[in-house]
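Asks: Mind having a look at this structure? Questions to follow.
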Amino acid sequence: MFTYDSLRQNDPSVFQSLQGEMQRQADGVELIASENYVSPAVMEAMGTVFNNKYSEGYPGKRYYGGQEFTDQVESLAIDRAKQLFRCGHANVQPHAGCPANVAMYFALLEPGDCVLGMDLGHGGHLSHGHPVTYLTKIFRFVRYGMKDIETGELDYDAMLETAKKEKPKLVLAGYSAYPREVDYAKMKAIADAVGAYAVMDMAHVAGLIAGGVHKNPFDYGFDVVTTTTHKTLRGPRGGMILSKNEEIGKKIDKSVFPGFQGGPIMQMIAAKAVAFGEALQPEFKEYAAQIVRNSKHLAKYLMDRGAKLITNGTDNHLMLVDCIKSWNIPGGEVEKVLDEVGITLNKNSIPNDQRKPMDPSGIRLGTPAITTRGMRENDMEVLADFMLAAIERRADPTALHALHEEVKTFCRRFPVPGISA
Ligand code: DSN
């Protein structure tokens with residue numbers, strides 16, 4: 001466990017905030033679908049002297065001297081990423097998911113080119129061409145969506161029609177709030193029909209793919225896969241771009257550096273290497289499988305008690321609940337009342353939401369973090385009961401306070417990695 005003695009002495013203000021955050025994480029239930037707890041080894045790698053080094057370029061081809069150990073650690077991260085996802089090339093330098101996607105677009109497209117991506121209201125991501133992003137000033141984004149919101153099946157026929165009409169150069173899979181799996185073969189066939197690149201942003205499900213619980217888009221001929229490294233993959237905050245071969249990989253490398261970024265954040269690359277090493281272990285397969293078992297169990301338990309889930313269930317780590325249909329209150333109110341009892345999740349728009357993004361109808365919740373803490377199916381029932389009780393007793397502060405104490409007691413049975421009890 002970490003002592004933080006220097007921080008405590010030299011900057012008590014920051015230490016105090018850190019202490020508060022550690023207590024919050026230990027005492028609360030983390031259901032934000034994109035969050036997780038890293039191992040102490042990953043955490044240690046992040047706080048190292050690799051921070052002190054400038055390393056523009058790539059292993060063996062840098063613009064500064066003194067790279068013998070940065071080259072080692074970046075090469076290790078690259079080799080492990082390629083092994084983990086069975087691909088020909090890995091760039092581990094993107095600082096986060098959005099920069100990874102921007103570098104990917106600029107590597108594969110010319111300004112004005114068209115991208116066919118998921119309807120943002122059906123679970124797509126800002127960096128997949130939301131009108132508030134600068135990306136839409138440069139590229140043209142057209143949409144596909146679900147054929148049936150009750151099953152979550154994507155509308156592959158409409159996708160093909162749109163592709164034939166709009167001639168995208170890139171067909172994009174990958175979602176932030178979609179609880180089902182993609183048919184990569186169908187999507188690749190659509191990309192091939194119009195000569196487009198097939199790209200998957202696997203940020204949310206990277207750990208499920210690494211653990212073999214979900215299919216790997218490279219097995220279906222996808223050209224490029226982007227990701228963050230800190231969600232289900234359980235690594236440090238950061239991004240990564242994988243390519244099926246070196247030819248595309250070269251374009252990606254030029255786009256990341258010098259096209260878009262300067263110096264890589266080498267301590268995070270060291271931590272990525274550690275996390276990928278962990279994900280290559282047999283235990284990670286079991287972790288990934290348990291995430292989905294927990295998610296399906298929680299979904300069924302909530303649905304059996306009247307919750308309306310978008311697509312009526314889940315195949316992955318997350319679920320999206322229509323709070324208006326479930327409890328006749330908006331998602332923001334559910335987020336707030338659950339925060340009061342130490343359960344953290346986020347309000348979220350649902351498909352065809354009639355409400356505004358800052359006051360949407362739904363909530364999104366997921367099981368990656370609680371699974372890392374060791375919670376299993378029976379614990380999902382305890383959590384669901386806490387949630388339902390909080391929603392039911394939301395107007396009663398005394399009842400909420402008592403529930404919060406129960407949540408804390410429950411959490412003590414499941415230590416957070418790196419935080420002493
Ligand atoms: N913020 C991430 C999420 O919660 O899904 C996506 O960028």
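The values are calculated or read from the model by the stated rules, or taken from the named source; none is laboratory data. The shown structure was predicted, so the numbers you read here are calculated from the model rather than taken from an experiment. Please note: Cβ atoms are built from the backbone with ideal geometry, for glycine as well, and neighbour counts cover all protein chains shown.
Asks: Step by step: first the residues of the range 121-163, then only those that are among the aliphatic types (A, V, I, L, M) and within 16 Å of the ligand (Cβ to nearest atom), then the one that is surrounded by the most Cβ atoms within 10 Å (Cβ to Cβ). Which residue is that?
Replies: Looking at the filtered set, the residue picked out is Leu135.
Asks: What is the number of the single condition among (1) within 25 Å of the chain's Cα centre (by Cα); (2) assigned to a helix (DSSP H, G or I) that Val321 does not meet?
Replies: Looking at each condition in turn, Val321 falls short on (2).
Asks: Could you list, in sequence order, all residues of the range 123-135 that are modelled with pLDDT of 90 or more and within 17 Å of the chain's Cα centre (by Cα)?
Replies: Hits for the range 123-135 are His125, Leu126, Ser127, His128.
Asks: The conditions are (1) out of contact with any Cys (no Cβ under 8 Å at 6 or more places or on another chain); (2) in a helix (DSSP H, G or I); (3) of a type in the set (Gly, Ala, Ser), and Gly65 fails exactly one of them. Which is it?
Replies: Tallying (1) out of contact with any Cys (no Cβ under 8 Å at 6 or more places or on another chain); (2) in a helix (DSSP H, G or I); (3) of a type in the set (Gly, Ala, Ser), Gly65 fails exactly one: (2).
Asks: Also, quick follow-up: Could you please find all residues in the range 52-71 being surrounded by 15 or more Cβ atoms within 10 Å (Cβ to Cβ), of a type outside the set (D, E, K, R) and under 20 Å from Gly259 (Cα atoms)?
Replies: Correct list: Tyr54, Ser55, Gly57, Tyr58, Pro59.
Asks: Scan Gln267, Gln290, Gln281, Gln261 and give me the residue that is out of contact with any Pro (no Cβ under 6 Å at 6 or more places or on another chain) and either within 30 Å of Asp385 (Cβ to Cβ) or of a type in the set (Ser, Thr, Tyr) (or both).
Replies: Gln290
Asks: Do you know which residues across the range 27-61 are assigned to a strand (DSSP E or B), among the charged types (D, E, K, R) and over 22 Å from Val407 (Cα atoms)?
Replies: Lys61
Asks: Turning to a different aspect of this structure: What single numbered condition from (1) crowded, with 21+ Cβ neighbours inside 10 Å; (2) in a loop (DSSP other than H, G, I, E, B); (3) out of contact with any strand residue (DSSP E or B) (no Cβ under 9 Å at 6 or more places or on another chain) fails to hold for Val102?
Replies: Here Val102 clears every test but (2).
Asks: Let me ask something additional. What residue, of Thr232, Thr226, is within 15 Å of the ligand (Cβ to nearest atom) and either surrounded by fewer than 24 Cβ atoms within 10 Å (Cβ to Cβ) or in a strand (DSSP E or B) (or both)?
Replies: Thr226
Asks: For the structure I just gave you, tell me whether Val182 is within 21 Å of Val292 (Cβ to Cβ) and among the aliphatic types (A, V, I, L, M).
Replies: yes
Asks: Could you tell me whether Leu172 is within 16 Å of the ligand (Cβ to nearest atom) and aliphatic (A, V, I, L, M)?
Replies: yes
Asks: Considering only residues that are within 13 Å of the ligand (Cβ to nearest atom) and either under 26 Å from Asp155 (Cβ atoms) or of a type in the set (S, T, N, Q) (or both), which ones fall in the range 89-117?
Replies: Answer for the range 89-117, where residues must be within 13 Å of the ligand (Cβ to nearest atom) and either under 26 Å from Asp155 (Cβ atoms) or of a type in the set (S, T, N, Q) (or both): Gly97, Asn101.
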